[in-house]
1. Run the reach check for A:LYS442 against aspartates and glutamates, Cα to Cα strictly under 19 Å, same-chain hits fewer than 8 apart removed. What comes back?
2. For A:ALA404, which inter-copy label distances result when the label point lies 7 Å beyond Cα on the Cα-to-Cβ vector, reported in nm to one decimal and in ascending order?
3. What order do you get for A:TYR158, A:TYR191, B:TYR281, B:TYR31 when you list them from fewest to most C-beta neighbours inside 10 Å?
4. So, by mean Cβ neighbours within 10 angstrom, what's the order for A:405-412, A:360-367 with the highest one leading?
5. If you count, for every residue in A:444-454, the Cβ atoms of partner chains within 10 Å of its Cβ, what is the mean?
6. How many Cβ atoms of partner chains, on average, are near each residue of A:345-356 if near means within 10 Å of its Cβ?
7. Given an 8 Å cut-off on Cα distances and at least 6 residues of separation, report the relative contact order of segment B:20-99 as a percent.
8. In whole percent, what relative contact order does segment B:132-269 give with Cα contacts below 8 Å and a gap of six or more residues?
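Only the coordinates and a few stated rules stand behind these numbers; no lab work does. None of these values were measured; they are calculated from a predicted model. Neighbour counts are summed over all protein chains in view; Cβ atoms, including those assigned to glycine, are modelled from backbone coordinates with ideal geometry.
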2 protein chains.
Amino acid sequence: MTAQNTALVEALTARLGEGSVLTLGSDIEGYLVETRGLYRGEALAVVRPRDRDEVAVVLQECARAGVPVVPQGGNTGLVGGGVPSGGIVLSLARLDRIRDLDPVNATITVEAGCILKAVQDAASAAGYLFPLSLASEGSCRIGGNLATNAGGTAVLRYGNMRELTLGLEVVLADGRIWDGLKGLRKDNTGYDLKNLFIGSEGTLGIITAAVLKLFPEPKARVTAFVGCASAHAALQLFGRLREQAGDHLTAFEYMPDFGLEIVLKHRPGAVRPLAERHAAYGLIELTAPQQDTDLQGQLEAILGTALEDGLVQDAAISASDAQSQGLWALRESLSEVQRLEGGSIKHDVAVPVSRVAEFIETAARACEAQMPDVRVCAFGHFGDGNIHFNLSQPVGMDKAAFLAHWERFNRIVHDIVHGMNGSISAEHGIGLIKRDELVLYKDPVALDLMRSLKRALDPQNILNPGKVVASVLPQ
Amino acid sequence: MTAQNTALVEALTARLGEGSVLTLGSDIEGYLVETRGLYRGEALAVVRPRDRDEVAVVLQECARAGVPVVPQGGNTGLVGGGVPSGGIVLSLARLDRIRDLDPVNATITVEAGCILKAVQDAASAAGYLFPLSLASEGSCRIGGNLATNAGGTAVLRYGNMRELTLGLEVVLADGRIWDGLKGLRKDNTGYDLKNLFIGSEGTLGIITAAVLKLFPEPKARVTAFVGCASAHAALQLFGRLREQAGDHLTAFEYMPDFGLEIVLKHRPGAVRPLAERHAAYGLIELTAPQQDTDLQGQLEAILGTALEDGLVQDAAISASDAQSQGLWALRESLSEVQRLEGGSIKHDVAVPVSRVAEFIETAARACEAQMPDVRVCAFGHFGDGNIHFNLSQPVGMDKAAFLAHWERFNRIVHDIVHGMNGSISAEHGIGLIKRDELVLYKDPVALDLMRSLKRALDPQNILNPGKVVASVLPQ
C-alpha cells in the first residue's frame, strides 16, 4: 500500500472507528467477488458507515485523496457494477433503517441498506404493498435496486424502481449531501435530479435513502398458466388482457416449451400444469383491491374467448393460493434450473411490446442458424417487451467451447434488438459486462451526454470509475 | 439591430426560407406576450422551422452567433417560461405531425408542435386514451407539456407528462440531435437523459418529438360530487376510495364552499349539485376498461359507508354522461370565474397527501390573519396533494392595492408549504415568475447541481437563459 493510501485508510479509521473499516483479506473477500464469479476485484479497504453523515465523511476523505469509491448493497448485481478495481468499497449495508411509513401519503422512507424483503414486509405489516419483486429480494438492498433501476415481475402493473421512487437522499462525489427526500406526487421545481441518480449504478452519487410509493395490498388474486401455439399467439392474448382486464392485469410472463421442460426435469415436485406440451406458455396474474372482485370469472371469460379464437390452446386457472404459488414457482425456477443444463449465454433485452414475438422468433432462428443444436431459452417479462434471451449449450458440447461463442451470439442477438429500436440491457444495467457493448449500440450523442454528466457530477472520476461509461473524455 | 444580429437573421432566412423567419413587429407580437399579460418580451426574430433538422439548423446558427433561443409551443404557460428577452423565439408549432401510432405497443410518436387535443383525438380514434388533460388542451402543444412536465386532472391515475413519456428526440444547444425516440417499457442502458430534458423548460435542450404511452380507453365511468364538513373529512374519504376502488379511482378533485358559490354565481346554467352548502367538496371519478363493471354500485357502497361514518354529509352520483360532464364543469370553470371576483394571488403548491387537509386549513388561517376579509379559494388535485391555493381579493378592495400584497402572501403560503416538505411549484414550473422564489426554498445543493447540469449541457447559456436558474455560476 502506498503511503497515501495508508494515510487514507488511517483517516477513515480515525473518523469512523476501527469496526467500520475492514482491511484483512478474509474480512473483505466477500466484497471483492461478484455473485456469478465472473469477476474478482481488489480494494484497499471495505468501509461500513452507519449513517448518511458517515457516508459523507467517506466521500470527503476519498475525494481529498483522489481514491475511487465503489458502492455496494447486497452485491447481487448481474453486470459487475459492484466489483472494485482498487480504491475503497463503500458498503451501505448498515444503513438499514426504515425511517418512516406514512399510510395516508402511501409512502415509506427507507435507507439504502434495507433488504428489499424487509421493505416489502414493513409495507405489508401496515396493510400496503411495495411491489418491487425480484429473485434476489431476500438479499438485495434498496440502494442497489435504485442504482440499477431494478425491474422484476411487477413492472407491468407498477413500474420499475424509477417509477416507484418519489424522493432521494444522495451523497455527492465531494461529500456534500443532497436532501431530496420528498414524498410528493408532483414537484416541478427545477431539473429532475432524482432520475439522474436512479439507474446511474453508483457513478454519479451515493444514494443513502429514498421515499418509495406504496399501493393498496391486493385482496383478490388469480393466476393462470396458458399454452399457446406461438409467441405471436401469446402476444395477441396479451393485447386482449390489457384491453379487457386493464389494471387488474399485474403480470404476463413468458416461457418456451424448452424452459418448462427443464423446470419439470430438474425441480423436485414440479407438476406439469397442462396435459399437453405447447410451443409457448404465458403465466398470467390478475389482482384487485377488493376481495369480492370476480377475477376468476373475468379471466375465464377472456381465456374462453381466446380458446375459441385459437389464441390459446389450453389453460389452467388457479383455484387457491397454493395452486397460484405452484404456477409461479415454475416460472421462477427457470433461471436456476438452466444452470443444470450446462453453460448458458445470456441476454437481457427489451423491444417494443409489438415486436416481442417477432424478436423471439427472429433471434431464435438466427442463433440456430449459427449453431443448429443450441437450445434457445427465451423467457421473461413479455408484457414489458423484456426477454431474457438465454442460450443453453448443445447437449454434450464442452461448456468452455460453447462459452467461447459468447461474443458472436451477443452480436447476433444485440444486432437484432438494435434493428428493432430495442435495448441491450432492459433491467440489469451496464456495469462492466456491457460497458463496451454499449458503445456499439448507444446513440453517440447520448454517450457523449452521459460523459458530460459524469464530468459535471464527478469531475475527479472517483465514483465507481470504469463502470457504465468507459472513458469520461468527450469523443 | 447590430450587424452581428442582422447577419444571424440573414443566415437563418437563407437556410430556412423567408416564410420561416418573422421579424415584422405585427408578425411577432403574439410571441412576445405571455398568456396572462404579466410579461412582455422582445426578440430579434421568430423562427418557425418545419422539422427536426431545421430546428438543428437554428441551434447551429444561434450557437455560432452566441444568441439566445427561447422555445415556444402553444405559449399557454403560466410562469413566463416562454417570454424572450432578446434573441430568437423558436416556435415548434409547425412540427405537428403524428409520426406513428403502435396499437400493440400502446404508444404514439408525436412531434413537439402537436396540440394536446390532436394527440388525444388520434389516440381515441384508435380506441386508446392519451390521459393528459388540462384546461388549455385545445391550444397547448406537446413540446410545452414536456418542457413543463404538465399535470392536470388525470395525474392521480395515470401520472404526469414525465410518467407518460417513453422516449424523446432532442436538439442540443450546439445543434446536435439526440435520437432517444424509443418506445420501450424498460431500458437500463445508462443515465436517464429523457427525464433530464422533461421539465427543464427549454433550458437544457429543445424537444422535437416524443414517444408517449397510451392506455385502454375506459368503457365505464361514474362521477360523484360529495359534500364534506372539512378538508380533513375529504382526506379520510380519499384514503378509503384509494384503498377500496384501487385503480378505478381516476380523479379526486377538491373545491371549497367559496369556490362552488362563485361558480354558481357566474357560470350560466350551473346547477347546485347538492341541496345544502358544505365546507368542502370532492369531485370523484371512477373508470374501468370493461363496460359491464358496476362502478355505480361500487361507489354507492363506499359513499354509503362514508355517510354512515360521517365522512360525507351528502353526495350526488351521476346517472349519465351528461350529468357527469355537468359535475366536471363546476370544477373546471373555477379558474375562470375567479377572475370575475377581482384580483387574485395564486399559488400552485404540493404537500404530501397526508398533509393536504392540514395545509389547506393552516394556510387559510394564516392568510386570514394577515388580511381578515381575504377570500381563500384553495382547490385542485387533492389526491395528488396539489392545491391551487388562490386568494381572491376582499369585496370592494382596490385590485392593485390587493395585488401589492403578492410577495407577503407568497411568503406566508410558501413558508407553510416548505415546513411540510412540500413544493412551491407542483405543476406549472418555475420559468421567470418563481425563479427567485426557488432560491429561497430549494435545497442549496440541489440548486448547485442544477447549475452544474446547465453548464454541462448549455455551456454558452443560450437555451432560454434566465429561466429556472437565475445564474449559472456556482454559488
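1. A:GLU201, A:ASP348, A:GLU407, A:ASP415, A:GLU427, B:GLU169, B:ASP179, B:ASP187, B:ASP192
2. Copy-to-copy label distances for A:ALA404: 8.9 nm.
3. Going from least to most buried by this count: A:TYR158, B:TYR31, B:TYR281, A:TYR191.
4. Values: A:405-412: 15.8, A:360-367: 19.4.
In decreasing order of mean packing, A:405-412, A:360-367 become A:360-367, A:405-412.
5. On the way: counts 3, 8, 8, 3, 3, 14, 4, 2, 7, 9, 3.
Taking all residues of A:444-454 together, the mean is 6.
6. On the way: counts 0, 0, 0, 2, 3, 7, 5, 11, 8, 7, 4, 2.
Taking the mean over all residues of the peptide, I get 4.
7. Details: 130 pairs, mean separation 30.8, N = 80.
With pairs under 8 Å counted, the relative contact order is 39 percent.
8. After rounding, I find 24 percent.
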